[in-house]
Amino acid sequence: MPSASLESTLELWSTTLRQTKQRIRPLFAAPSVAASANAFLDGLLGGERRKIGWMRAEAAGDPGPWRQQAILGRTHWDAEALRDVVRDVVVETLASPDAVLVIDETGFLKQGKASCGVGRQYTGSAGKITNCQIGVFAAYVSDQGHAFIDRRLYLPKAWTEDPARLRAAHVPEAVAFATKPRLALAMIERAVRAEVPFAWVAADSIYGVGEIELALRRAYKGYVLGVTGQHRFWSWDANLDLAGTAEDIAKGISDQDWLRLSAGAGTKGARLFDWAYLPLATLRADALDAALDQSLWTRGLLVRRSLSDGALAYFTTWCPAGIPVEKLVMVEGRRWAIEDAFETAKTELGLAHNESRSWHGWHRHVSLVMLAFAMLARVRRLANGLPPKTTLIAKLAGAVVHSGDPARGDAAGATAH
């Protein structure tokens, strides 16, 4: 399909930005607070490379960053309500009954010890243990595009066991320690309760076993979840005598059982791997839970082999009976979308530029970035063409923001309460 013209894309940006600001207006009691939120969103979508308070303030014409900072900490509004608005926008834009909910985490490098949740912990963003915050995210991925719909800051036990530290960071009293899989489970359950249309969940080995599997089976959702090589599998099929760790089972896969398939398009073309799929059991759903129906589902082991070094990755799968391996590979391949989303949100929308140290500040900042990203997804979808480069997206957004867009109203001169 041909891409939209520059003129129509600018018009689409202006309309989408105006509609977005109208949509979030009820979240803010005072007009001045709503104007500050609008200015914050403008700053995230602007052309500045770093979305820190001073630069956002300068872009908005403010003498200092105080209004930008107030929207994160000193004003009163519900970041969870904004998260729900973002989710609704994403579903309206990208909805597909065959969509994949992707769970992953990303790190936010920090200096010092005051930022909520900060500590020395491993983050794949840096590839090492370092001083950082960790955020767990859920992204909605369909053939129409992808965007974030949920997020939660992870609090290590060093935080949840220190009441004084929690009070200093304004962590709500109801917040207790929760593992990353528990945070992911809560996101999945929220999506199910909100009737978000999706058929699959994909995640890496941090989230691959336990309560998440059970919850997805009860919700009639398929999954492709990463597991370690030491995760144990066994067959319930009388014609297939198989049991052991994923690593041991993979050693017995014959050459003819490997298929070369693409996990989706990457920056350098198709992302090709060798794949092997072992359907370990097909059974009625009610065999696992009497409250479920009698539909047939298949539990299996999916193995991915790198073409370059032969490294193996393992996935536990659950799907309606008869689903081909190509479909499972497609679901696993959708995980790349959240990595792309993290990169875009950090490099173009200021996801990693949060200067607030509080619990509320982190969730407010991240939710506003998610809203900006949802706008990107909506413009891409409505433009009905290939998505432009992210740098061009930022420039186009900046042109809209700074060209007298009536949606800004009196944002530049308002003061947040």
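The values are calculated or read from the model by the stated rules, or taken from the named source; none is laboratory data. These numbers come from a predicted model, not from an experiment. No Cβ is skipped: glycine too gets one built from the backbone with ideal geometry, and neighbour counts run over all protein chains shown. Just the protein is used for accessible areas: all its heavy atoms, side chains included, with ligands, DNA and RNA removed. Shrake-Rupley method; radii C 1.70, N 1.55, O 1.52, S 1.80 Å.
Ordering 13-21, 286-294, 123-131 by mean Cβ neighbour count within 10 Å, with the highest value first, yields 13-21, 123-131, 286-294.
Rank by packing, highest mean first: peptides 225-236, 347-358, 135-146, 192-203, with packing defined as the count of other Cβ atoms within 10 Å averaged across residues. Intermediate values should be presented prior to the final figure.
Details: 225-236: 16.8, 347-358: 21.2, 135-146: 22.8, 192-203: 19.1.
Packing proxy ranking, top to bottom: 135-146, 347-358, 192-203, 225-236.
Under the criterion of Cα pairs below 8 Å and six or more residues apart, the relative contact order for the chain equals 26 percent.
With Rh defined as the Kirkwood radius, the inverse of the mean 1/r over Cα pairs, the Rg/Rh of the range 79-189 is 1.02.
Please compute the volume of the convex hull spanned by the alpha-carbon atoms of the range 248-297 and report it per residue in Å³. Could you put the intermediate results ahead of the total?
On the way: hull volume 7.2 nm³, N = 50.
So the per-residue hull volume is 144 Å³.
For the chain, the alpha carbon convex hull comes to 153 Å³ per residue, rounded to a whole number.
Expressed in Å, the radius of gyration and Dmax of the Cα atoms of the range 284-337 are 14.2, 46.
Roll a 1.4 angstrom probe over the protein heavy atoms and tell me the percent of accessible area of the chain that is carbon or sulfur. Before the final figure, lay out the partial values.
On the way: 9940 of 18750 Å².
Within the chain, the accessible surface is 53 percent carbon and sulfur.
The charge dipole of the range 186-241, taken about the Cα centre with unit charges on the Cβ atoms of Lys, Arg (+1) and Asp, Glu (-1), comes to about 200 debye, rounded to the nearest 20. In this structure, the residue pairs whose Cα-Cα separation is over 26 Å, taken from 113/180; 128/327; 221/251; 21/346; 21/221, are 128/327; 221/251; 21/221. If you split all Cα-Cα distances of the range 130-192 into 10 Å bins from zero, what percentages do you get per bin, shortest first? Over the range 130-192, the share of Cα pairs per 10 Å bin runs 19, 44, 27, 9, 1 percent. What the chain shows is 45 Å² of accessible area per residue, with the surface traced by a 1.4 Å probe over protein heavy atoms. Express the Stokes-Einstein translational diffusion coefficient of the range 146-267 in µm² s⁻¹, to the nearest whole number, given a Kirkwood radius over alpha-carbon pairs, 20 °C and a viscosity of 1.002 mPa s. In µm²/s, the coefficient rounds to 119. Projecting the Cα atoms of 75, 291, 307 onto the charge dipole of the chain (Cβ charges, centred on the Cα centre) puts 75 farthest toward the positive pole.
Placing unit charges on the Cβ atoms of the charged side chains and taking the dipole of the chain about its Cα centre, the candidate lying farthest along the positive direction among 117, 39, 342 is 39. Compared with the dominant principal axis of the Cα atoms in the chain, helix 390-401 is inclined by about 30°. Here the chain carries DSSP beta bridges of which approximately 90% are antiparallel, counting only pairs with both residues inside.
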